[in-house]
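Heads up, the thing below is written out as C-alpha cells.
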Amino acid sequence: MAVRWMASRFKSFRSHLHFPNHPSINTSTQFSAHAIPSKSDHVNEISRLLSDYRDPTHDLESRLPQFSSEISADLVEQVLKRCKNLGFSAYRFFNWAKTLPHFRPTSQSCHILVDVLGSSKQFPFLWDFLIEARDSGCCEICPKIFWIVFWSYSRANLPNDAIRAFGRMAEFGVEPSCNDLDQLLYALCKRKHVEEAKQYFDLVKLHFAPTAKTYSILIRGLGDIGDSGNARKLFDEMVERGCSVDVPACNSLFEAMCKGGEMGEAYKLLGEMGSKGLEPDACTYATFIRAACEANDLHSAFRMLDRMKRHDLAPNVFTYNYVIKKLCADARVDEAYQLLGEMVEMGVTPDLWSHKTILAYHCDHSEVNKALKLVALMEKDNCVPDTHMYNMILKLLIRVGRFDRMEALWLHTGDRGFYPSVSTYSVMVHGLCRKKGKLEDACKYFEMMIDEGIPPYHNTVEMLRNKLVGFGLTKEVQILSDKMGRSSSCTIQELATVMRGNKEYVGRRCQEMEWESDSET
C-alpha cells in the first residue's frame, strides 16, 4: 500500500515542479527581439558551457564561435573568475579567445588565468602559457605573476616547486628582488612550509638585503608551527644585522612566543616596548587576546580589551570574533550578543564569522527560533548569509522536522540574492532521505538540481537510487536517469549511469559532503 501511494505521488509532483526564483542557464536559449541578452547573460552561458565541456575529450571549441562577437577583455575576465575550478576548460577558452582578431589579452586577464591554472593544479599548462606569453609578447611578465605562482604551489603543498619558480624568474626577464623573496617566504609560511622557507632563506640571505619585514615573515611562520625557540634566535639575528626593529617585528615575536607557550615571557617583553621607543598597536593587543582565548583565559582577554580602549585603540572584527567564539564555546551566548552590540558602538561592523559562530551554537542546541532571528538580524545589518550558513539552518530545520520553515526559507532565498549550490541541494536530498515519508521531497530537490544543470555528487546519486530501489520504485529510478541523460551537462549525463546502477563509474567531482562534515564554523 505504501509503495503504491508513493508511486502515485511521484507522478503528481513532477508535473508541477516549477521554481522561478532559480533560473537555469541554457547555452541554447533563444532570445526574442524584446529580450536582448546582457553581458552577465553571456558570462553565465559561457561559464555553463565550460562546466558542461570540462573533459579533454569534449569538443568545446566547436561550441564557442556562437559567442565570438560578444568577446571582450572584460567578459573574458568575468568568465575566468567564474570558472576558477575549471582550469583546463578556462585555458582552452582563453586560447580560443586569443584567435579572435578583435581580442587582445590584458595583464589582468593573464593574471587571472595564471591564478585559475594554479588553483586547479594545471601547472604544465601554466608554464606553457608563461613561455608563450614571454615569446609572443602578448602579456607582460611581471613579478606579480610569479607571486601568484608561489601561492599556487604553496597551496598545492609543493614548496620546492615554489622555490624553483622563484629561481626561474630571470628566465622571463624579471630580476628577483627582496620584495619578491618576501612574497615567496610569506606564501610558504602561510601554508606551513616553514622549514623549507627557513632553509632557502639561509641559502640566499647573503645575496639579498633582508629587512625587518623579511625576518618578521619567518618569525611569524616559526610561531605558527610552535617553534618559539628558533623564532627568538631569528629575532636576535635581525638585531645583529642592524635591521631596524619595528612594532610589526615585535608583534611577530609575541605571536611566536604565545603560540610556543611562553606567555609570561611575552608579557614581560610587552612591558619593555616603551623603553625601546615602541608603542604597542592594535595588532599587538590582538595577539595577546587571541592567545588568551586559546589558553581558555577569558579574564585576560577582557583585560586586554579594556587596556586597548584606554589607549584609544579599537579592536578589529577578527579580534572580537576570537572572543565571541570563546564565549560561545563556554555557552555564554548572551555575552556574545553583548559583544556584537559593543562592536557596533565601537564602529566595527560584525562580519559573517561574527554571526556564524553564534549561529553554530543555536544549531547545535536545536534553537530554531533564535537561529532564524539571528539571520533576520544579519539581513537588517546588510550582512548577507553565505552558503554555509544557509546549509547550517536547513540542516537544523530538517533535523528537528520543521519542514514548513524549511520550505519558507528555501522559497525566499532568491529574494535575498542567494542561489543554492551543489552542497545546498545535497543537504536537502541527504537530509530528507533520512526522514520518514520525505523521499518524495528529496526527489523533488534532486530534480531541481538537475533542471538547474548542477551536477550532483556521486554519493548523492547513489544514495537516492538505493533509497528508491529499497522502496521498489524502479520506475522512478528510470525516469530520473532518463532525465539526467537528457541534460545539457556532460557531467550529469555521465552520472546518469550511476542512477542506473553502474558500479564501475568513477566520479570526477569532490565527494566531500557538507552534510557529513563535523565542522560547522
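Laid out as a table, the results:
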| read-out | value |
| --- | --- |
| Verdict on K121 being among the basic types (K, R), under 23 Å from A231 (Cα atoms) and touching a helix residue (DSSP H, G or I) at 6+ places or on another chain (Cβ under 9 Å) | no |
| Residues that are open to solvent by less than 20 Å² (accessible area, probe 1.4 Å) and more than 18 Å from E255 (Cα to Cα), drawn from the range 169-186 | M169, F172, V174, D180, L181, D182, L184 |
| Tally of residues being surrounded by fewer than 16 Cβ atoms within 10 Å (Cβ to Cβ) and touching a helix residue (DSSP H, G or I) at 6+ places or on another chain (Cβ under 7 Å) across the range 187-199 | 1 |
| 2 or more residues open to solvent by 30 Å² or more (accessible area, probe 1.4 Å): qualifying helices (runs of 4 or more DSSP H) within the range 375-435 | 387-399, 403-411 |
| Failed item in (1) within 30 Å of I141 (Cβ to Cβ); (2) surrounded by 20 or more Cβ atoms within 10 Å (Cβ to Cβ), with K81 passing the rest | (2) |
| Test set (1) more than 19 Å from G261 (Cα to Cα); (2) without any contact (Cβ under 8 Å) to a residue 24 or more places away in the chain; (3) of a type outside the set (D, E); (4) surrounded by 15 or more Cβ atoms within 10 Å (Cβ to Cβ) - K309 fails condition number | (4) |
| Qualifying residue in the range 303-314 (condition: touching a Lys or Arg at 6+ places or on another chain (Cβ under 7 Å) and part of a helix (DSSP H, G or I)) | no |
| Cβ pairs under 8 Å, 6+ apart, first in the range 37-60 and on the phi < 0 side of the Ramachandran plot and at pLDDT 85 or above, second open to solvent by 50 Å² or more (accessible area, probe 1.4 Å) and of a type in the set (V, I, T) | N44/I25; E45/I25; E45/T29; S47/I25; R48/I25 |
| When residues of the range 317-351 are limited to those that are assigned to a loop (DSSP other than H, G, I, E, B) and either of a type in the set (V, I, T) or closer than 19 Å to N382 by Cβ (or both), the one most open to solvent (accessible area, probe 1.4 Å) | T349 |
| Complete set of residues in the range 205-218 that are touching a helix residue (DSSP H, G or I) at 6+ places or on another chain (Cβ under 7 Å) and either of a type in the set (A, V, I, L, M) or without any contact (Cβ under 8 Å) to a residue 24 or more places away in the chain (or both) | A209, A212, I217, L218 |
| Which numbered condition G223 fails, given (1) modelled with pLDDT of 90 or more; (2) open to solvent by less than 20 Å² (accessible area, probe 1.4 Å); (3) in contact with a Leu (Cβ under 9 Å, 6 or more places away or on another chain) | (1) |
| Count of the range 61-89 residues which are part of a loop (DSSP other than H, G, I, E, B) and within 27 Å of the chain's Cα centre (by Cα) | 4 |
| Selected residue [within 26 Å of H207 (Cβ to Cβ), touching a residue at least 40 places away in the same chain (Cβ under 8 Å) and out of contact with any Pro (no Cβ under 6 Å at 6 or more places or on another chain)] from L158, L130 | L130 |
| Counted residues, the range 234-289 - those being surrounded by 13 or more Cβ atoms within 10 Å (Cβ to Cβ) and part of a helix (DSSP H, G or I) | 32 |
| Condition broken by F446, with the remaining ones in (1) open to solvent by 10 Å² or more (accessible area, probe 1.4 Å); (2) assigned to a helix (DSSP H, G or I); (3) modelled with pLDDT of 90 or more satisfied | (1) |
| Lone qualifier among S366, S354 - being without any contact (Cβ under 8 Å) to a residue 40 or more places away in the chain and surrounded by fewer than 21 Cβ atoms within 10 Å (Cβ to Cβ) | S366 |
| Subset tally (residues that are among the polar types (S, T, N, Q), open to solvent by 30 Å² or more (accessible area, probe 1.4 Å) and in contact with a Ser or Thr (Cβ under 8 Å, 6 or more places away or on another chain)) for the range 452-496 | 2 |
| Test: D202 is over 30 Å from D297 (Cβ atoms), open to solvent by 30 Å² or more (accessible area, probe 1.4 Å) and out of contact with any helix residue (DSSP H, G or I) (no Cβ under 9 Å at 6 or more places or on another chain) | yes |
| Residue satisfying all of: in the range 196-233; part of a helix (DSSP H, G or I) and small (G, A, S); nearest to T287 (Cα to Cα) among these | G223 |
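The values are calculated or read from the model by the stated rules, or taken from the named source; none is laboratory data. As the structure is a prediction and not an experimental result, all values here were calculated from the model. Cβ: placed from backbone, ideal geometry, glycine included. Neighbour counts: every protein chain shown. Just so you know, the surface numbers come from the protein's heavy atoms only, side chains and all, with ligands and any DNA or RNA stripped out. Shrake-Rupley method; radii C 1.70, N 1.55, O 1.52, S 1.80 Å.
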